1. Quick check on the range 175-190: of everything there that is under 20 Å from Leu156 (Cα atoms) and in contact (Cβ under 8 Å) with a residue 40 or more places away in the chain, which residue is least open to solvent (accessible area, probe 1.4 Å)?
2. Which fully enclosed helices (runs of 4 or more DSSP H) of the range 20-132 have 2 or more residues being under 21 Å from Trp174 (Cα atoms)?
3. Just to check your reading of the model, which residue among Arg89, Arg133, Arg40 is without any contact (Cβ under 8 Å) to a residue 60 or more places away in the chain and open to solvent by 20 Å² or more (accessible area, probe 1.4 Å)?
4. Return the residues of the range 47-67 that are of a type outside the set (A, V, I, L, M) and at pLDDT below 95; say none if nothing qualifies.
5. So in the range 136-157, with the set limited to residues that are surrounded by 15 or more Cβ atoms within 10 Å (Cβ to Cβ) and more than 19 Å from Val67 (Cα to Cα), which one is modelled with the highest pLDDT?
6. Restricting to the range 104-125, count the residues that are closer than 15 Å to Leu70 by Cα and either without any contact (Cβ under 8 Å) to a residue 60 or more places away in the chain or open to solvent by less than 20 Å² (accessible area, probe 1.4 Å) (or both).
7. Of the residues that make up the range 169-184, is at least one of a type in the set (S, T, N, Q) and modelled with pLDDT of 95 or more?
8. When the residues of the range 66-86 are narrowed to those that are free of Cβ contacts under 8 Å to residues at least 60 places away in the same chain and among the hydrophobic types (A, V, I, L, M, F, W, C), which ends up most open to solvent (accessible area, probe 1.4 Å)?
Amino acid sequence: MLDIPLRSVEARAADLDARYGELPPAELIATMAYHFFPDRMALVSSFGADSVTLLSIVAEVKPDLPVLFLQTGKHFDETLRYRDELTRRLGLTNVIDLYPEPLALARDDPDGTLHRSDPDACCAIRKVHPLARALKPYDAWITGRRRHQTFSRRGLPVIEADGTHIKLNPIASWTQEDVDAYIEDRDLPRHPLVAEGYPSIGCAPCTKRPAMGDDARAGRWDGSGKTECGIHWMR
């Protein structure tokens with residue numbers, strides 16, 4: 001992990017974004033993986049609705065790039081099967097499962113229902129803390145976030161500071177039409193729940209089909225006011 005002051009990380013992110021933020025996603029990932037963060041960068045993927053897009057790009061550029069997957073214990077069975085299918089089909093050779101700490105689960109969510117009373121705490125145990133531990137050996141990480149997905153993401157830069165890490169959002173400018181065209185042109189498999197009306201897929205208890213006209217993530221944590229799991233707020 002970059003052992004320099006936070007402001008220096010922010011300055012470096014701003015410089016990288018100014019110099020390389022307009023590169024096509026594959027070129028950006030290759031440049032960062034091979035020249036700036038060799039063996040110190042990972043992709044974090046949910047293997048969700050549109051995840052195959054970025055996973056396919058990574059597979060073409062660097063199939064042994066670490067791909068971190070949060071095994072929350074609450075995924076749809078379809079997601080777990082899809083994860084295995086994509087790993088084989090794309091030739092990804094370094095998919096790493098991250099698990100919650102058993103003691104934390106036993107102490108704070110012994111009956112597995114914490115998501116009903118405190119979804120933020122549930123996400124912290126099952127996503128935020130496991131990912132924070134897993135990212136310690138890395139200087140940079142990659143996400144599939146896009147500006148059109150929610151109001152809060154509209155100003156998303158391609159390269160940004162995230163605490164002591166550099167974070168890349170290679171397809172930040174892509175629209176849903178761009179994603180769909182990429183998947184169709186390459187005949188890539190979609191998550192099976194997409195066909196059932198789920199444009200954004202997280203843990204099963206906290207994901208529903210959004211209403212017609214809602215944004216893609218409106219079905220996540222429905223009615224709670226929550227819009228993010230918290231991994232993008234880590235420091």
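1. Val179
2. Of the helices (runs of 4 or more DSSP H) lying wholly inside the range 20-132, those with at least 2 residues that are under 21 Å from Trp174 (Cα atoms) span 25-31, 51-61.
3. Being without any contact (Cβ under 8 Å) to a residue 60 or more places away in the chain and open to solvent by 20 Å² or more (accessible area, probe 1.4 Å) holds for just one of Arg89, Arg133, Arg40, which is Arg133.
4. Within the range 47-67, Gly48, Asp50 meet the criteria.
5. Pro157
6. Here the count works out to 4.
7. yes
8. Among those residues, the one meeting the criterion is Leu80.
The values are calculated or read from the model by the stated rules, or taken from the named source; none is laboratory data. Values in this document were obtained by computation on a predicted structure and should not be read as measured data. Please note: Cβ atoms are built from the backbone with ideal geometry, for glycine as well, and neighbour counts cover all protein chains shown. Surface accessibility is based on the protein's heavy atoms, side chains included, excluding ligands, DNA and RNA. Shrake-Rupley method; radii C 1.70, N 1.55, O 1.52, S 1.80 Å.
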